[in-house]
Amino acid sequence: MDAAVAELARMIEEASGFVVTSRGYGQLAVIAREQIASLRLAGIEEYMDLLTVRSDSPEWRHLLARITVKESYLFRGRSQMDALSHTILEELAVIRRDRRLKVWCAGCARGEEAVTLAIVLASHPVVSTWDWSILATDVDDQALDEARLGRYGERAVAAVPGEVLASRFTRHEDRWQVDPKLIERINYRRLNLVDRDEVVEQGPFDVIFLRNVLIYFRPELQRKVVRTVEQSLSPDGVLFLGPSESLLSLDASLRPRDLGSCFCYRWPAPVVDLRPGDGADRPAQRSAGDAGRRMPARVLPPSVSEAAPDQRAPDGRIRGMLDALAAADFETARGIALTLRHDFPENPVTHALVGFAASRLMDAKGAVLAYRGALYLDPGVPEIRFLLAVALETDGRSNRALREYRSALVSLGSAPAAASPLFKSLGIPPRDQLVSICRKKIADIKY
């Protein structure tokens, strides 16, 4: 029996990619015995013969439904949902001409993640007015049937913010019913990640959530699935994985992007030196590891793609942002900053510019996220540390602001006297004045 169960586990992995480890053989044996009894078969060998004859049989679907993990809840991984709303969608809202958005939620189980994504999209002030849709897929037909109903128990909605629960759900006895308008935006369907052609046919997607799926596959199948996902991702698209998952050892072409509180993956951007005030733009470069890889063309937003060549270049766009700030046109300044960060996400200057524009629009939380992203990429810029402290104080987080003022003071003590000309252009005081300001803030702020 043990050898037969091991062979059944091998068949399951070959058909779906799902790995049943030796620790799971006991549970698999119980499931197999129950299925053998219900089908009135002679034994496990006859059961495996049945599965071999028809790879698309209802029995395969029933077996996969019983062994795959379906435990989840709405708003799981809140930091990724916040980053999607406040960073990714904000950028797409600026650069997208067609006002369309396609999202793929892979391994959706009973739909908790797909519904969460629908709420995030429907709540965004710009994207909510677009033609957006979500493809939610799984190999478990029973789970998909439950997902289509859009009904969840108390445990599944425990992390849903109160105002969202009140506006997007209706209570029916002991269950919560999702707003039918959200369900209409979600296409639930059966899809096996192993089937490359069928997966690619559904794309391209602008946002892909492949969370807590790869961990159940062996490395060789992980690489295969990642290649399939890459083929399904649009040139400006992003991929989110689970917190314990990474593309680091999977020979992926996608590169990580820090979003402050989490990471996503995207196609690599050109490496351009954006140090302001040092003359003409340097030519775009790529690392040796990117040589020979097929990269999708970068899509520029209308305001950039239709501009003169010097305005398309990074320095030209920075000048355009400074002009907009001088004219108190903060929305335009923010739009330019978002396109810069979108095109050059690995450069701390672009994150800092987004933060500065957000602060001018009185969006302290957005400024904090942007400044943290900049400092993750380059923690040694005292001006950005100071701006983060100011944003935290504006947002009412005095204790955290105090720590950042102290960090900025330490950083200023070891920094050169002269700062980048960009900071002067933004109206940030010279470094000797920043020292005085930080000292006064440290003295004034009380725990």
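One table, with the values for the structure above:
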item: Sequence of Lys365, Lys441 when ordered by accessible area, the most exposed leading, probe 1.4 angstrom; result: Lys365, Lys441
item: With eigenvalues of the C-alpha gyration tensor scaled by 5 and rooted, the range 360-441, Å; result: 19, 14, 12
item: Diffusion coefficient, µm² s⁻¹, Stokes-Einstein with Kirkwood Rh over alpha-carbon pairs of the range 88-134 at 37 °C and 0.692 mPa s; result: 294
item: Most to least packed among 389-397, 333-341 [average Cβ atoms within 10 Å]; result: 333-341, 389-397
item: Residue-count net charge about Ala352 - beta-carbon cut-off 10 Å; Lys, Arg +1, Asp, Glu -1; result: -1
item: In Å², nearest 10: area of Thr87 left accessible to a 1.4 Å probe; result: 10
item: Amide H within-cut-off set for Cys108, under 5 Å, with H built and near neighbours excluded; result: Thr137, Asp138
item: Within-12-Å neighbourhood charge of Gly373 [Cβ basis; K, R +1; D, E -1]; result: 0
item: Residue-by-residue Karplus 3J(HN,Hα) for the range 224-238, coefficients 6.51, -1.76, 1.60, Hz, glycine and proline x; result: 5, 5, 5, 4, 5, 4, 4, 5, 9, 9, 5, x, 9, x, 10
item: C-alpha center-to-center spacing [the range 226-266, the range 345-371] in angstrom; result: 23
item: Accessible area (Å², per residue) of the range 20-178, counting only protein heavy atoms and a probe of 1.4 Å; result: 48
item: Viscosity 0.890 mPa s, temperature 25 °C, Stokes-Einstein D of the range 79-213 from Kirkwood C-alpha radius, µm²/s; result: 159
item: Rounded Å value of the spacing that divides the Cα centres of the range 170-201 and the range 135-161; result: 8
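The values are calculated or read from the model by the stated rules, or taken from the named source; none is laboratory data. All values reported here derive from a predicted model rather than from experimental measurement. Positions of Cβ are backbone-derived with ideal geometry, glycine not excepted, and every protein chain shown enters the neighbour counts. To get the accessible areas, we keep the full protein, side chains included, count just its heavy atoms, and leave off ligands, DNA and RNA. Shrake-Rupley method; radii C 1.70, N 1.55, O 1.52, S 1.80 Å.
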